[in-house]
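Heads up: the structure comes next, in structure tokens.
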Amino acid sequence: MILSGNKLSQYLKQGKIKITPFEPKLVGACSIDFRLGPYFRVFHSHKQRVTVADKVDYKKYTKEVFAPKGILVKPGELVLGATIERLALDSRLCGFMQGRSSMARMGLAVHVSSSLVQPGVDNVQVLEIVNNSPYSLFLAPGLRICQIVFEETTSPACYSGKFSKQARP
């Protein structure tokens, strides 16, 4: 069952959901907005062939960019970004990252296929930002770029994968 804004506020007070830094105005009717941070990973040349496998190291094909004023994403371009907010979840909660309609209407997607936020995480949320519009889009840190919808799990579970404590894309 999706948690309502009142339940989200209650769980934030109880520490079942921890968001750092936290701004109460980001809590909506049934989701919490997250803002774009200044760290990105930009892909190298498109001329290279890459074999995709379970253990592919995306960092080998990208470079980290610190862009405190923002980043220009060209049409069709994929850029990895991260939220300002760090999210820690109780072992009985999970979330699903979604784009915001105002971003989608400009052709901006915030994840390619990894919307699940696992129970027990404690990390920033990495965004797979794709510009599907015919225009170059400038994205500035602080932009409310995505929202997370939260649900309770049927029993405690805890994610301990390689991205569990991630701080940058």
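The values are calculated or read from the model by the stated rules, or taken from the named source; none is laboratory data. Quick caveat: nothing in here was measured; it's all calculated off a predicted structure. FYI the Cβ positions are ideal-geometry reconstructions off the backbone, even for glycines, and counts take in every protein chain you see.
The table below gives the values:
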quantity: Checklist (1) closer than 13 Å to Leu137 by Cβ; (2) in a strand (DSSP E or B); (3) touching a residue at least 60 places away in the same chain (Cβ under 8 Å) applied to Pro75, failing item; calculated: (2)
quantity: Where a residue in region 88-111 is among the aromatic types (Phe, Trp, Tyr) and its partner, wherever it lies, is surrounded by 18 or more Cβ atoms within 10 Å (Cβ to Cβ), with Cβ under 6 Å and at least six apart; calculated: Phe96/Val149
quantity: Residue in region 102-118 that is surrounded by the most Cβ atoms within 10 Å (Cβ to Cβ), counting only those that are out of contact with any Ser or Thr (no Cβ under 9 Å at 6 or more places or on another chain) and over 16 Å from Leu36 (Cβ atoms); calculated: Val117
quantity: Filter pass, Ala82 being of a type in the set (Gly, Ala, Ser), touching a residue at least 40 places away in the same chain (Cβ under 8 Å) and surrounded by 11 or more Cβ atoms within 10 Å (Cβ to Cβ); calculated: yes
quantity: Every residue from region 1-51 that is surrounded by 10 or more Cβ atoms within 10 Å (Cβ to Cβ), of a type in the set (A, V, I, L, M), part of a loop (DSSP other than H, G, I, E, B) and modelled with pLDDT of 95 or more; calculated: Leu3
quantity: Those residues of region 51-96 which are more than 18 Å from the chain's Cα centre (by Cα) and among the small types (Gly, Ala, Ser), in sequence order; calculated: Ala53, Gly76, Ser91
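For (1) out of contact with any His (no Cβ under 6 Å at 6 or more places or on another chain); (2) closer than 21 Å to Leu87 by Cα; (3) buried (at least 17 other Cβ atoms within 10 Å of the Cβ), each residue gets a yes or a no:
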| position | (1), (2), (3) |
| --- | --- |
| Met97 | no, yes, yes |
| Gly120 | yes, yes, yes |
| Ile129 | yes, yes, yes |
| Ser136 | yes, no, no |
| Gly142 | yes, yes, no |
| Thr154 | yes, yes, no |
